[in-house]
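The next block holds one structure in the form of structure tokens; read it before the comments.
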Amino acid sequence: MRPHRRGSYREGKPTSTLTTVVNVPLRPTESRFAMYTTPTERRPFPKRLKAALVIVGVLAGTVALAGAAMVVRMNHVPADLNLGTTRTSNAGLFKASYRPSVTPIPVNRLHSWTLHLETPRGEPIEHALISVDGDMPQHGHGLPTHPVADTYLGHGDYLVEGLKYQMGGWWVMDYKVTFQNKTDTVRFNLMLR
Ligand SMILES: [Cu+2]
């Protein structure tokens with residue numbers, strides 16, 4: 001868009017550069033539109049319309065940039081992704097590890113995990129309350145199922161049932177664990193093929 005120069009516009013007198021653009025001889029492909037060009041359309045753009053066009057342009061640019069940023073973010077897998085099956089919880093209250101019932105972790109197949117929880121000193125965490133959530137950060141969707149982890153197997157082991165990943169790629173599994181009146185979360189990253 002051409003920047004508007006102050007003082008270059010005078011009411012009724014076509015002095016702006018836009019007039020020059022309109023008066024450029026039409027190329028053959030444009031000639032069929034020539035009949036719609038009436039003298040009134042050759043006047044320079046009113047100031048308000050110009051300002052409105054500038055605002056629309058800036059808004060469109062902002063939207064385009066935001067969209068591009070979203071595409072970059074959604075296609076971005078962190079290079080230092082920790083794919084470990086043993087992780088310390090976010091606040092350091094416990095250590096968690098898991099063992100899938102099927103290896104490698106399958107796509108489009110219902111299976112279960114055994115989740116093991118222990119204190120930082122290695123004592124099993126018994127009868128914790130656990131909620132499960134799975135997500136694909138790049139795609140903005142979760143699991144097709146609602147897995148549960150409400151079966152305690154003993155020795156700090158819990159059965160996670162109803163896990164199903166509907167596609168390969170980067171998944172995150174979040175476990176929210178409440179025990180001894182404390183709550184902490186742990187995240188596992190999976191890269192499924
Ligand atoms: Cu996905």
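What the table below lists for this structure:
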read-out	value
Residues located in segment 110-149, provided they are of a type in the set (D, E, K, R) and more than 16 Å from the ligand (Cβ to nearest atom)	Glu118, Arg121, Glu123, Glu126
Pick from segment 152-185, criterion β-branched (Val, Ile, Thr) and under 12 Å from His116 (Cα atoms), ranking: farthest from the ligand (Cβ to nearest atom)	Val177
Sole exception among (1) touching a helix residue (DSSP H, G or I) at 6+ places or on another chain (Cβ under 7 Å); (2) buried (at least 19 other Cβ atoms within 10 Å of the Cβ); (3) not small (Gly, Ala, Ser) for Tyr158, by number	(1)
Those residues of segment 59-81 which are surrounded by fewer than 10 Cβ atoms within 10 Å (Cβ to Cβ) and at pLDDT 85 or above, in sequence order	Pro78, Ala79, Asp80
Selection from segment 94-140 of residues that are surrounded by 12 or more Cβ atoms within 10 Å (Cβ to Cβ) and without any contact (Cβ under 8 Å) to a residue 12 or more places away in the chain	Val102
Given (1) within 14 Å of Tyr165 (Cβ to Cβ); (2) under 21 Å from the mean Cα position of the chain (by Cα), number of the condition Thr62 does not satisfy	(1)
Selected residue (only one of Arg187, Arg193 is within 19 Å of Ile105 (Cα to Cα) and at pLDDT below 95)	Arg193
Spans of strands (runs of 3 or more DSSP E) in segment 145-193 with at least 2 residues among the small types (Gly, Ala, Ser)	148-154
Residues that are among the aliphatic types (A, V, I, L, M) and part of a loop (DSSP other than H, G, I, E, B), drawn from segment 95-143	Val102, Ile105, Val107, Leu110, Ile125, Ala128, Leu143
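The values are calculated or read from the model by the stated rules, or taken from the named source; none is laboratory data. If you're wondering where the values come from, they're calculated on a predicted model, not measured in any experiment. Neighbour counts are summed over all protein chains in view; Cβ atoms, including those assigned to glycine, are modelled from backbone coordinates with ideal geometry.
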